[in-house]
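Peer 1: I am attaching a structure below and will ask some questions about it afterwards.
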Amino acid sequence: MNVWLLLHLVGAILFVGNIVTAAFWKIRADVQKNPTVIHSVVKNVMLADYVFTLPGLLLIIVSGNVMAVQADMFTQGLNWLMLSLILFAVTGVVWLAILIPLQRAMIRHSAACVDSGKISEEYARASRIWSVFGIIATLLPVVILYLMIEKSF
(Lines give C-alpha, C1' and ligand atoms only; values in the text may rest on other atoms or scores of the structure.)
Protein backbone atom coordinates (compact mmCIF):
# COMPACT_ATOMS: atom_id res chain seq x y z
CA MET A 1 0.00 0.00 0.00
CA ASN A 2 1.17 3.50 -0.81
CA VAL A 3 2.46 5.19 2.37
CA TRP A 4 0.64 8.42 1.49
CA LEU A 5 -2.64 6.55 1.11
CA LEU A 6 -2.06 4.84 4.46
CA LEU A 7 -1.40 8.21 6.13
CA HIS A 8 -4.53 9.60 4.43
CA LEU A 9 -6.65 6.74 5.76
CA VAL A 10 -5.23 7.10 9.28
CA GLY A 11 -5.99 10.82 9.12
CA ALA A 12 -9.56 10.19 7.98
CA ILE A 13 -10.09 7.65 10.77
CA LEU A 14 -8.75 10.06 13.41
CA PHE A 15 -10.73 13.00 12.01
CA VAL A 16 -14.12 11.38 11.41
CA GLY A 17 -13.81 8.99 14.33
CA ASN A 18 -13.21 11.78 16.79
CA ILE A 19 -15.97 14.07 15.57
CA VAL A 20 -18.52 11.26 15.78
CA THR A 21 -17.25 10.06 19.15
CA ALA A 22 -17.12 13.58 20.62
CA ALA A 23 -20.70 14.23 19.57
CA PHE A 24 -21.79 10.93 21.13
CA TRP A 25 -20.22 11.73 24.52
CA LYS A 26 -21.44 15.32 24.48
CA ILE A 27 -25.03 14.25 23.80
CA ARG A 28 -24.84 11.58 26.53
CA ALA A 29 -23.54 14.15 29.03
CA ASP A 30 -26.27 16.66 28.17
CA VAL A 31 -28.98 14.00 28.60
CA GLN A 32 -27.73 13.30 32.14
CA LYS A 33 -28.18 16.99 33.06
CA ASN A 34 -25.36 16.69 35.59
CA PRO A 35 -23.30 19.92 35.49
CA THR A 36 -20.13 18.18 36.72
CA VAL A 37 -20.35 15.49 34.02
CA ILE A 38 -21.18 18.06 31.34
CA HIS A 39 -18.24 20.26 32.31
CA SER A 40 -15.85 17.30 32.24
CA VAL A 41 -17.13 16.14 28.85
CA VAL A 42 -17.02 19.55 27.14
CA LYS A 43 -13.44 20.05 28.35
CA ASN A 44 -12.51 16.61 27.01
CA VAL A 45 -14.25 17.24 23.68
CA MET A 46 -11.97 20.26 23.23
CA LEU A 47 -8.93 18.24 24.30
CA ALA A 48 -9.85 15.43 21.89
CA ASP A 49 -10.05 17.95 19.05
CA TYR A 50 -6.42 18.89 19.69
CA VAL A 51 -5.24 15.30 20.27
CA PHE A 52 -7.16 13.53 17.46
CA THR A 53 -9.05 15.87 15.12
CA LEU A 54 -6.18 18.28 14.48
CA PRO A 55 -3.54 15.59 13.76
CA GLY A 56 -6.10 13.79 11.58
CA LEU A 57 -6.75 17.01 9.73
CA LEU A 58 -3.04 17.59 9.16
CA LEU A 59 -2.53 14.03 7.89
CA ILE A 60 -5.48 14.40 5.51
CA ILE A 61 -4.25 17.72 4.12
CA VAL A 62 -0.59 16.76 3.68
CA SER A 63 -1.13 13.25 2.31
CA GLY A 64 -4.10 14.28 0.17
CA ASN A 65 -2.17 17.12 -1.44
CA VAL A 66 0.84 14.90 -2.13
CA MET A 67 -1.35 12.24 -3.78
CA ALA A 68 -3.32 14.84 -5.76
CA VAL A 69 -0.13 16.41 -7.09
CA GLN A 70 1.31 12.98 -7.96
CA ALA A 71 -1.88 12.13 -9.87
CA ASP A 72 -2.07 15.60 -11.48
CA MET A 73 -5.63 15.93 -10.14
CA PHE A 74 -5.55 19.71 -9.68
CA THR A 75 -5.59 20.31 -13.44
CA GLN A 76 -8.69 18.24 -14.15
CA GLY A 77 -11.36 20.85 -13.40
CA LEU A 78 -14.38 20.22 -11.22
CA ASN A 79 -14.38 16.60 -10.16
CA TRP A 80 -14.91 14.55 -7.02
CA LEU A 81 -11.65 15.87 -5.57
CA MET A 82 -12.48 19.54 -6.11
CA LEU A 83 -15.95 19.09 -4.63
CA SER A 84 -14.40 17.24 -1.68
CA LEU A 85 -11.92 20.09 -1.14
CA ILE A 86 -14.71 22.67 -1.21
CA LEU A 87 -16.73 20.69 1.33
CA PHE A 88 -13.59 20.18 3.43
CA ALA A 89 -12.98 23.94 3.44
CA VAL A 90 -16.59 24.57 4.50
CA THR A 91 -16.15 22.04 7.31
CA GLY A 92 -12.98 23.84 8.41
CA VAL A 93 -14.71 27.22 8.46
CA VAL A 94 -17.59 25.80 10.52
CA TRP A 95 -15.14 24.19 12.93
CA LEU A 96 -12.85 27.21 13.33
CA ALA A 97 -15.39 30.03 13.20
CA ILE A 98 -18.32 28.44 15.02
CA LEU A 99 -17.62 25.17 16.84
CA ILE A 100 -14.37 26.03 18.62
CA PRO A 101 -15.71 29.35 19.97
CA LEU A 102 -18.88 27.55 21.07
CA GLN A 103 -16.83 24.83 22.76
CA ARG A 104 -14.91 27.50 24.67
CA ALA A 105 -18.20 29.12 25.67
CA MET A 106 -19.62 25.76 26.75
CA ILE A 107 -16.55 25.14 28.93
CA ARG A 108 -16.90 28.57 30.51
CA HIS A 109 -20.67 28.29 31.03
CA SER A 110 -20.51 24.69 32.27
CA ALA A 111 -17.94 25.71 34.91
CA ALA A 112 -20.49 28.21 36.21
CA CYS A 113 -23.12 25.44 36.12
CA VAL A 114 -20.95 23.28 38.38
CA ASP A 115 -20.74 26.16 40.85
CA SER A 116 -24.52 26.78 40.79
CA GLY A 117 -25.55 23.13 40.52
CA LYS A 118 -27.91 23.74 37.58
CA ILE A 119 -27.68 24.04 33.80
CA SER A 120 -27.72 27.69 32.76
CA GLU A 121 -29.57 29.10 29.79
CA GLU A 122 -26.23 30.33 28.43
CA TYR A 123 -24.83 26.80 28.40
CA ALA A 124 -28.06 25.38 26.94
CA ARG A 125 -28.07 27.98 24.14
CA ALA A 126 -24.40 27.38 23.24
CA SER A 127 -25.01 23.62 23.35
CA ARG A 128 -28.01 23.83 20.99
CA ILE A 129 -26.10 25.91 18.46
CA TRP A 130 -23.09 23.57 18.78
CA SER A 131 -25.39 20.63 18.07
CA VAL A 132 -26.77 22.18 14.88
CA PHE A 133 -23.38 23.16 13.48
CA GLY A 134 -21.83 19.95 14.81
CA ILE A 135 -24.27 17.94 12.71
CA ILE A 136 -23.24 19.96 9.66
CA ALA A 137 -19.54 19.53 10.47
CA THR A 138 -20.08 15.79 10.86
CA LEU A 139 -22.23 15.17 7.79
CA LEU A 140 -19.94 17.07 5.41
CA PRO A 141 -16.95 14.75 6.07
CA VAL A 142 -19.26 11.74 5.61
CA VAL A 143 -20.19 13.12 2.16
CA ILE A 144 -16.48 13.69 1.49
CA LEU A 145 -15.74 10.08 2.45
CA TYR A 146 -18.38 8.93 -0.01
CA LEU A 147 -16.87 11.08 -2.78
CA MET A 148 -13.38 9.83 -2.01
CA ILE A 149 -14.46 6.20 -2.16
CA GLU A 150 -16.87 6.44 -5.10
CA LYS A 151 -14.83 8.87 -7.28
CA SER A 152 -17.92 9.12 -9.47
CA PHE A 153 -16.99 12.13 -11.59
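The values are calculated or read from the model by the stated rules, or taken from the named source; none is laboratory data. Given the structure is predicted, the values throughout are model-derived calculations rather than measurements. Every residue, glycine as well, gets a Cβ built from its backbone with ideal geometry; the counts of neighbours run over all protein chains shown. We work out accessible area using only protein heavy atoms, side chains counted, and drop any ligands, DNA or RNA first. Shrake-Rupley method; radii C 1.70, N 1.55, O 1.52, S 1.80 Å.
Peer 1: Sorted from largest to smallest, which semi-axis lengths in Å does the alpha carbon gyration tensor of the range 113-153 give for its equivalent ellipsoid, taking the root of 5 times each eigenvalue?
Peer 2: After scaling each eigenvalue by five and taking roots: 37, 8, 4 Å.
Peer 1: Binned at 10 Å from 0, what are the whole-percent values of the Cα-Cα distance distribution for the range 45-86, short to long?
Peer 2: That works out to 26, 41, 23, 9, in percent per bin.
Peer 1: Using a simple spin-label model with points 7 Å from Cα along the Cα→Cβ vector, what separation in nm is obtained for residue 82 and residue 34?
Peer 2: 5.2
Peer 1: In addition: Using r as the Cβ-Cβ distance of residue 65 and residue 104, and R0 as 35 Å, what FRET efficiency do you calculate, to the nearest 0.05?
Peer 2: With a Förster radius of 35 Å, E is 0.75.
Peer 1: Tell me which lysines have Cα within less than 27 Å of residue 43's Cα, excluding those fewer than 8 residues away on the same chain?
Peer 2: Partners within reach: 26, 33, 118.
Peer 1: Leaving out ligands, DNA and RNA, what percent of the accessible area of the range 69-126 is carbon and sulfur, probe 1.4 Å?
Peer 2: It is 66 percent, rounded to a whole number.
Peer 1: At 0.36 nm per residue, and after removing the present C-alpha to C-alpha distance, how many nm does the segment from residue 9 to residue 21 gain when stretched out fully?
Peer 2: Full-extension gain reported as 2.6 nm.
Peer 1: Using a Gaussian network model of the chain whose springs link C-alpha atoms within less than 10 Å, name the residue from 97, 23, 48 with the highest mean-square fluctuation.
Peer 2: Result: 97 has the largest fluctuation of those listed.
Peer 1: With all protein chains present, how much of the accessible area of the range 17-56 (probe radius 1.4 Å) comes from carbon and sulfur, to the nearest whole percent?
Peer 2: 70
Peer 1: Turning to a different aspect of this structure: Is there a quick way to get the dipole size of the range 7-153? I mean about its Cα centre, with the Cβ of Lys and Arg at +1 and of Asp and Glu at -1; what is the value in debye to the nearest 20?
Peer 2: 400
Peer 1: Spelling out what I want: for every residue of the range 146-153, take phi, set θ = phi - 60°, compute 6.51 cos²θ - 1.76 cosθ + 1.60 (Karplus), and round to whole Hz; glycine and proline get x.
Peer 2: 4, 4, 5, 7, 6, 6, 7, 8
Peer 1: Now for a different question. Which listed residue (124, 25, 80) has the Cα farthest towards the positive end of the charge dipole for the range 7-151, taking +1 on Lys and Arg C-beta and -1 on Asp and Glu C-beta about the Cα centre?
Peer 2: Ranked along the dipole, the leading option is 124.
Peer 1: Provide the per-residue ³J(HN,Hα) series for the range 22-38, in order, calculated from phi with Karplus coefficients 6.51, -1.76, 1.60 and θ = phi - 60°, each as a whole number of Hz, with x at glycine and proline positions.
Peer 2: Rounded to whole hertz, the list is 4, 4, 4, 5, 5, 5, 4, 5, 4, 5, 5, 6, 9, x, 5, 5, 4.
Peer 1: Separate question: With every protein chain present, what is the per residue accessible area of the chain (1.4 Å probe, Å²)?
Peer 2: 57
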